[in-house]
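Report on one structure; see the data block that follows.
Quick note: the coordinates plus some simple rules give every number you see, no bench work behind them. Since the model is a prediction, treat every value here as computed from it, not as a measurement. Glycine also receives a Cβ, built like all others from the backbone with ideal geometry; neighbour counts cover every protein chain displayed.
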Amino acid sequence: MKNKLKILITIILLVSLFTVSSVKSDSKPFGEYKYIFKVNQDGVNNITIIYEAWRNGDSWLLLPKNFTKYEIKVLDGEIIHEKLEKAYTSQGDEYVFYSNYTFQYRANGKFMMKITYMMKYGSIIVEPQCFFYSPQIYFKSEDRGVVEIHLPRNIKIGENKIIPPPAGIEEKGDEYVIKINLSQNIARIAIEYTTENPYNPITMRRGIFTVETPRRYRELAERILETYNFFYENLTKIFSVNLTDIRVIFYAPKLEDLWTGGYVPFNGKNLGKIHLNLIYVRTLKGYWEQIALHELVHHFVYAAGITPDLLWFHEGIAEYVSITLTTQIGWSGQLSRKSDLEATAQTLYPNYGFIQDWKPGRKDENIGKYYAAAYAVVKALADENGGLEFYRKFFQEIKDLKNVTTTDILIHYLSKAAGRDLTNEFKEWNFRIIRIENISQIIVEGRNIVKMKGLLGVPWSLIADEILNLAEEALKNGRTNMAMMEAYMGIMIAQYSLTLTTITICIVMLILIGRIKIEELYG
Ligand SMILES: [Zn+2]
């Protein structure tokens, strides 16, 4: 009995050992992708993808659809079936720039395949700032992936500036080699770094526009000059104003501002150069142009007399006009921006009033909500009142005015352009508003009362008049709340000027009588 048990245990052990060793001998049950990115001094990324597997199987990966050409070479084994199809993100959206390449292979001990392609704007370089952004990495989830990024040696990479974190960085000859083991089958590698190469920009000029660019991006500068000059005349008609000298400068993003497409600095007195983030040239035609036009619209809106403090209107109209114009011309890149804004706005509806407190320089984590709400308000008004033509009328209305400083004043002129009062619509969006028509009316009524009371009301009617002047001044300068208070105070004093004057006279008389009495006593 004991012996039989021993034999049984031995057999079980042997079988299990055999099973374990059989798995071990076939130690790589998956294929492995190795992405090698070689980036030169101009940011060009030469990409090699090597796929290796040790038994027959199949796999898939993303390959460029339209932005560059690729080459596939089988080095070991053979491909027995392959197909190129549409590729989808994990959320089910179709990739604009990538196809799904699916292949079935025979290993003959080993299968090895090499894919090569080139990405012109692999790293964006505006010296000293550089930004590497890999193509989309995505492959069959059963396979594994490693990445190697080769960068020139005359660069500096700060701490935590490589995403995802690397397994190691080696110095090899005139290169840094950064190694990353992918924990997932989907990834984008981002690296922020600086170069020691000097910044030697060229400037290109056409019309009123000047672009400053590193020489390597002169065709991008050309693209901006062309876009700006193409839309310029139309924009002058919409905004009823000409611009004289617009300067544009390119920049490479940092990790923290990767998602900002561009900006125009404001020093309190003037709008500065238009700054454009070059990473967005890696988008569908229309996307980068929309960003560029958005920034240009800020200059128009400012020249038309609207202060940057009215930020929600600046951003809303910049988005609306740039999206509308790029769509009219038939581009499509901007449509993804449009649908993002609309989807976000939908979640906020009808509570858009919070954008009233949006001021320049304030950073908010949910900045996307502000843009979406601002766009939604500007677009809704356009849709109801005649599209771009409505804003053309509005800017005609405020031509030569330089005091559109608050939402209250803005609504006053928007209503004029619409030919109807828009106050209630803004109230439904939960804006806090004071109708400035009311204030103006109170001031006019107050003045009439002052006139009616004539000399009888002096000196209080004169004081009322002075306060009404202050109210008018405040209204002009956009201090609507103060204007409202002063207007009410003015009209009240004007109404009671007779009574107040009578009381004043009585008081003066009493004091005088009192004095006489005192003088009589001590005289
Ligand atoms: Zn903007």
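Report relative contact order for segment 439-503 in percent, whole number only (criteria: Cα-Cα under 8 Å, sequence separation at least 6).
45 percent
Can you tell me which lysines have their Cα less than 28 Å from the Cα of K451? Leave out same-chain residues fewer than eight positions away. Leaving aside lysines fewer than 8 places away in the same chain, those within reach of K451 are K476. The length gained by stretching the chain between Q346 and L470 to full extension, at 0.36 nm per residue less their Cα-Cα distance, is 40.4 nm. Label-to-label distance, A167 versus R205, with points set 7 angstrom from Cα along the beta-carbon direction: 5.5 nm. Taking only DSSP H segments of four or more residues, each worth -39500 (n - 2.57), what value at 222 nm results for the chain once the sum is divided by all its residues, to the nearest 500 deg cm²/dmol? The helix contribution divided over the chain gives -14000 deg cm²/dmol. Taking segment 369-411 and a reference point 7 angstrom along Cα→Cβ of K237, the backbone N atoms nearer than 18 Å belong to 386-397. Descending by average beta-carbon neighbour count within 10 Å, the peptides 206-212, 448-454 line up as 206-212, 448-454, the highest first.
Straight-line reach from K427: taking Cα to Cα under 13 Å and skipping same-chain neighbours fewer than 8 places apart, the aspartates and glutamates in range are D408. Where the alpha-carbon atoms of the chain are placed on the principal axes, they occupy 140, 76, 49 Å, in descending order.
Once C-alpha pairs closer than 8 Å and six or more residues apart are averaged by separation and normalised to the residue number of segment 32-195, the relative contact order reads 28 percent. Using R₀ = 35 Å, calculate the FRET efficiency as 1/(1 + (r/R₀)^6) where r is the Cβ-Cβ separation of N267 and I511; round to 0.05. The computed FRET efficiency comes out at 0.05.
If Rh is defined by the Kirkwood formula over all Cα pairs and Rg also comes from Cα, what ratio Rg/Rh do you get for segment 201-428? Spell out each step's value before the answer.
On the way: Rg = 17.0 Å, Rh = 18.0 Å.
Result for segment 201-428 is an Rg/Rh of 0.94.
Ordering A304, A372, F390 by the projection of their Cα atoms onto the charge dipole of segment 201-428, which places +1 on the Cβ of Lys and Arg and -1 on the Cβ of Asp and Glu, puts A304 at the extreme positive end. In summary, the aspartates and glutamates within cross-link reach of K453, defined as a Cα separation below 18 angstrom excluding same-chain residues under 8 places away, comprise E445, D465, E466. Counting 0.36 nm for each residue step from V74 to K451 and taking away their Cα separation leaves a gain of 126.0 nm. In this structure, the pairs whose alpha-carbon distance is over 28 Å, taken from K38/K369; K237/K416; K65/K237, are K38/K369; K65/K237.
Its Cα gyration tensor gives segment 32-195 an equivalent ellipsoid, and the semi-axes of that ellipsoid, as √(5λ) in whole Å with the largest first, are 28, 17, 14. The calculated FRET efficiency for L388 paired with R420, based on their beta-carbon distance and R0 = 22 Å, is about 0.75.
Defining a contact as two alpha carbons under 8 Å apart and six or more residues distant in sequence, what relative contact order in percent does the chain show?
9 percent
A Cβ-based charge dipole, computed about the Cα centre of segment 248-380 with Lys and Arg at +1 and Asp and Glu at -1, lands at about 200 debye. Compared with the direct C-alpha span, the chain from H81 to Q441 gains 121.5 nm at full extension, assuming 0.36 nm per residue.
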